[in-house]
Structures are given as C-alpha cells and as structure tokens.
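Shown next, in structure tokens, is the structure this report addresses.
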Amino acid sequence: MERNIFEKILGQESLFIDRRAFDHAFEPDKLPHRGGEVDALVRNLVDALNGHIPSNMLLYGVPGSGKTVVTRYVLSQLLDKGEELGEPVFSYEINCRNIDTKYRVVQNIASQLSQRGDAPIPFTGWPTDRVLDTLVKRMDREGGVHIIVLDEIDNLVARAGDGILYNLTNLNTILKSSRCCIIGISNDLHFTQHLGPRVSSRLSQEDLVFHPYGAAQIQDILEDRAKTGLRQNSIGNGVIELCSALAASEHGDARRALDLLRISVQKADQEGHELVSPPHVRLAQSQLEYDQVTPVLRTLPLHQKLVLFSIKLNEENGLRNISTGEVFRTYSDACLKISVEPLTPRRISSLLNELDTLGLIMARNVSKGRGGRSKQVNSAVPRGIDVISTLSDSEALVAQASEEKYALQSRL
DNA sequence: TGTCCACTGGAAGGGAGGGCTT
DNA sequence: AAGCCCTCCCTTCCAGTGGACA
C-alpha cells in the first residue's frame, strides 16, 4: 500500500529542536547587548508601580535593532510585578503599519478593554470622538496605568497626522481614575519634525536610541538562539559568522540574521545534512531576497505594477536613470495597450515615491538645470528575479485590467 | 544675475464604498 | 431610507525648486 505522503517528512530527523526560537515574536530569557536600553525603560516605567505617571517615551533605531523585543520584555515583567503588588498595569501594542488612522488606533485600544456586555465598536461608522469617549470611560473603569505602545509611529504620523498623538498625550488631563503613558517606536530619527511643537514636547519626554547591532553582537544573539533552538553541533564552522556579517552589512538587522540562520538550517535539513555549512547560508540569502520581493510584486495594485513594468522595460532597453516624465510616457503607452485609463502625472509621482518606500525602485531628485527638476529612477529589485515576467505573465494583471475596465464602464 | 524647465509635493476636495444611527 | 461618519484612491491646482544657460 502507498505510504501517506506526509510520513516521509514527519519521520525525518531535523536539526531543529525548537523552531520558535527563530520567530520574530520569540521572547528570549535574556537580551544580549541591550542592558542599557532595558535599564532606561525600567527606570522610567517603574513610576507605574509607584502610583505616578511614567514619562512618554520615543524609541528610535533601525529595523531589527531590538526596540520591539526590548519593549515587550520590559512590559511583560512590569505587568507581572504590577499584578504582584496589586497595582494594575495594562499594555497595548499597536502596529501602526496596519493600524494607521486615528479612528483605528482608538478603536483598537478600546476594543482590547471591552468586557462582557459592552457594545462592540465597529471598525467604521462611529464619529471618532465617540470612540475616544468610550476609550476614556473604559480606561477609568479599569483604573491603574495604561501603557500604549505605538510601533512604527512614524507611519501613523505620515498617514494620519499628529492629531491622534495630541489626543493620546492629552488623555491624562481627562482620565479621572486611571493614568496613561505612550511609548512610540520609530525607525526614523527625524520623524518628530512632522509633529507640532506641543505634541512633540509632550511625546518625547524621554528619547532612547537603539544603535544597530555590530557583527559580533549579532553573533552572540545567534549563538544564544542556536543553543535554544538547534541540535548540538549542527552548525558548521563559519556559518554563524557569515550570517552575522551579512546581516551587519545591511544596517545590523538581527531579525534578518535570524531568518538567514533559520532558512540555512532548513536547507541543510532538506538535503538531509547533519551539519549546516556556508553554502546553505548563500542559498538562504538568495531565497530570502526572492521570498521578500515576489509576494510584494504580485500583490501590487494594477497601476503600480504598470509603473514598475515601465521602469523595467526601459532598463531592458538599456535606459537607466530615467526621469519621471519618461516613466509616465512609457506607462501611458502600457495603459493604452491594455485599454486602461492612465492616471495623472501627479499620481504617478506619488506612486514612484511609494515604490521607493517599498524598496522596489531607487528614486532620487535631480535637477538638470534648464532640463528641469525631476526624479531619477532605477529599479532596485535584486538580480535573479524576473520582474517583467512576474508582473506581466500573471493572469492577475489581465484580470486586474479587465476589472478596472469593468469598473470604468459601469461608472460611465 | 535672472530666466526657465520639468517637475515636486502640499493642500483641498470629489466620489465611491463600507458601516452606523435614527 | 436618509443622514452621517470614516477611509481610500484619485484629481486639480499651484507655489516652490535646483541648477544650466543666456
């Protein structure tokens, strides 16, 4: 009889003991090389246990420099201690990449505070002030200290302005039987420039900068995780060093290093090797690039696809550093070919900025004197990924285009 | 030194879509 | 059903800009 198709893999020996050690959300027992940052947070947040209001804080640092993990680590201990001392502490972690409007932020926190019998707050429909009102009532009902962590706060400010931060930093003047503290986490050191002076001074009462990890520090982190998550003696010479060096060369991102090591181990597992070696890391590196980019390419909205397609098409024809105007002309032609109404040049300019933020293109502003000021655009998709076929082969593009046409026709 | 180009990017607002309240 | 509210995607308008060139 045929064996079950899962049996072969299930029975296979793996180099992993605990895969979770490589999760981004994994909370290790100790945080190497972040003692100073932990201390700074603890010194401030201890006020929550003394009946005072902790200062609002802003944590800065490049991605993967430990901001989020340090905050979680400190907060989980704070919550435990609060419970022990009978000083209730509540914490809310909001990722402002997804939750990026005033309404959604307030709705999210208030919903986390809902009890049985509370009316659910819809994800749209209520006036924001009403949601804010509900939040204040619920916070006061619970009492204690409420710590609101706004991860990627720069994204929230870019999308929704600083109005929400004004409301949140103002909460303590409205709250009667509870207190509130904001911790903002940002990748962008200069994001407070986009804040009004009142919000800025209230929010950044204490700033903390997380410096990128160096290769040696990343190495320590990887060694710790390998001890927890992998079988003994499963890592070959130079593997951890290579992972650390690759991640350190990309602005010291510890998450990237963990991903690299995890995928390297998977590769060794797949090949049935007992030992992970540097070639596995190289394989992991290219897979990581591929895995990061292709889903983004596939899920781009139609017009962004067409813009990127136009840039790539120019590059295939040997044209690099093309201007916004050139992109727009190629893009308009592409639209014509698939009978889609092109967007305006102004919109294309914004789409170029969005593609730049996504890291799919490199755009920089240049002035050519009488030739005018414009962007100089190049694709930034790693080599080895065939953008044009990923974008144009996909039936999705055709489907998207006809959907667009249908929507247009039904409007006319 | 002023002009001019080809844009940039902020601001305001339209309109469709999803949802709540009365 | 009508009146609101919020979000998203987009357009329109326009002041501002860096630097080559006359």
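The values are calculated or read from the model by the stated rules, or taken from the named source; none is laboratory data. These numbers come from a predicted model, not from an experiment. As a convention, Cβ positions derive from the backbone with ideal geometry for all residues, glycine included, and neighbour counts pool all protein chains shown.
Tabulated values for the structure
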read-out	value
Residue in the stretch A:86-102 that is of a type in the set (Ser, Thr, Tyr), within 16 Å of DNA strand B (Cβ to nearest atom) and surrounded by 11 or more Cβ atoms within 10 Å (Cβ to Cβ) present	yes
Residue that is surrounded by the most Cβ atoms within 10 Å (Cβ to Cβ) [pool: residues in the stretch A:132-145 that are in contact (Cβ under 8 Å) with a residue 12 or more places away in the chain, closer than 14 Å to A:Asn108 by Cα and of a type outside the set (Val, Ile, Thr)]	A:Leu135
Test result for A:Ser65, closer than 22 Å to A:Gly214 by Cα and not basic (Lys, Arg)	yes
Matching option when the condition is over 25 Å from A:Leu195 (Cβ atoms) and either under 29 Å from the mean Cα position of the chain (by Cα) or of a type in the set (Phe, Trp, Tyr) (or both), among A:Thr124, A:Thr128	A:Thr124
Subset of the stretch A:335-363 [modelled with pLDDT under 90 and more than 11 Å from DNA strand C (Cβ to nearest atom)]	A:Leu336, A:Lys337, A:Ile338, A:Ser339, A:Thr357, A:Leu358, A:Gly359
Output for the stretch A:80-125, where each listed residue is within 24 Å of A:Tyr166 (Cβ to Cβ), among the basic types (Lys, Arg) and part of a loop (DSSP other than H, G, I, E, B)	A:Arg97
Test for A:Lys137: is it away from DNA strand B (no atom under 16 Å from the Cβ), outside the structural domain of A:Val239 (by TED's automatic domain parsing) and not hydroxyl-bearing (Ser, Thr, Tyr)	no
Residues (under 15 Å from A:Gly163 (Cα atoms) and assigned to a strand (DSSP E or B)) located in the stretch A:176-205	A:Ile182, A:Gly184
Those residues of the stretch A:327-348 which are within 20 Å of A:Lys375 (Cα to Cα) and either near DNA strand B (Cβ under 10 Å from one of its atoms) or not in a helix (DSSP H, G or I) (or both), in sequence order	A:Val327, A:Phe328, A:Arg329, A:Pro342, A:Leu343, A:Thr344, A:Pro345, A:Arg346, A:Arg347, A:Ile348
Per-region count, the stretch A:368-380, residues in contact with a helix residue (DSSP H, G or I) (Cβ under 7 Å, 6 or more places away or on another chain) and either near DNA strand B (Cβ under 9 Å from one of its atoms) or more than 16 Å from A:Leu319 (Cα to Cα) (or both)	3
Residue in the stretch A:115-131 that is more than 16 Å from DNA strand C (Cβ to nearest atom) and surrounded by 17 or more Cβ atoms within 10 Å (Cβ to Cβ) present	no
Residue within the stretch A:374-390 that is of a type in the set (A, V, I, L, M), at pLDDT 80 or above and in a strand (DSSP E or B) present	yes
Criterion: out of contact with any strand residue (DSSP E or B) (no Cβ under 6 Å at 6 or more places or on another chain), in contact (Cβ under 8 Å) with a residue 60 or more places away in the chain, within 16 Å of DNA strand C (Cβ to nearest atom) and over 22 Å from A:Asp18 (Cα atoms) - qualifying residue of A:Leu302, A:Leu297	A:Leu302
Where a residue in the stretch A:206-218 is in contact (Cβ under 8 Å) with a residue 40 or more places away in the chain and its partner, wherever it lies, is polar (S, T, N, Q), with Cβ under 6 Å and at least six apart	A:Glu206/A:Asn44; A:Glu206/A:Ser55; A:Phe210/A:Ser65; A:Pro212/A:Ser65
Test: A:Glu341 is in contact with a Cys (Cβ under 8 Å, 6 or more places away or on another chain), charged (D, E, K, R) and surrounded by fewer than 20 Cβ atoms within 10 Å (Cβ to Cβ)	yes
Residue check, A:Ala119 assigned by TED's automatic domain parsing to the domain that holds A:Leu150 and either farther than 30 Å from A:Asp154 by Cβ or within 22 Å of the chain's Cα centre (by Cα) (or both)	yes
Test: A:Asp140 is more than 16 Å from DNA strand C (Cβ to nearest atom) and of a type outside the set (Val, Ile, Thr)	yes
Selection within the stretch A:140-166 - within 24 Å of the chain's Cα centre (by Cα) and part of a helix (DSSP H, G or I)	A:Ile153, A:Asp154, A:Asn155, A:Leu156, A:Val157, A:Ala158, A:Arg159, A:Ala160, A:Gly163, A:Ile164, A:Leu165, A:Tyr166
Candidate set: the stretch A:316-326, residues that are modelled with pLDDT of 90 or more and part of a helix (DSSP H, G or I); chosen: the one farthest from DNA strand C (Cβ to nearest atom)	A:Glu326
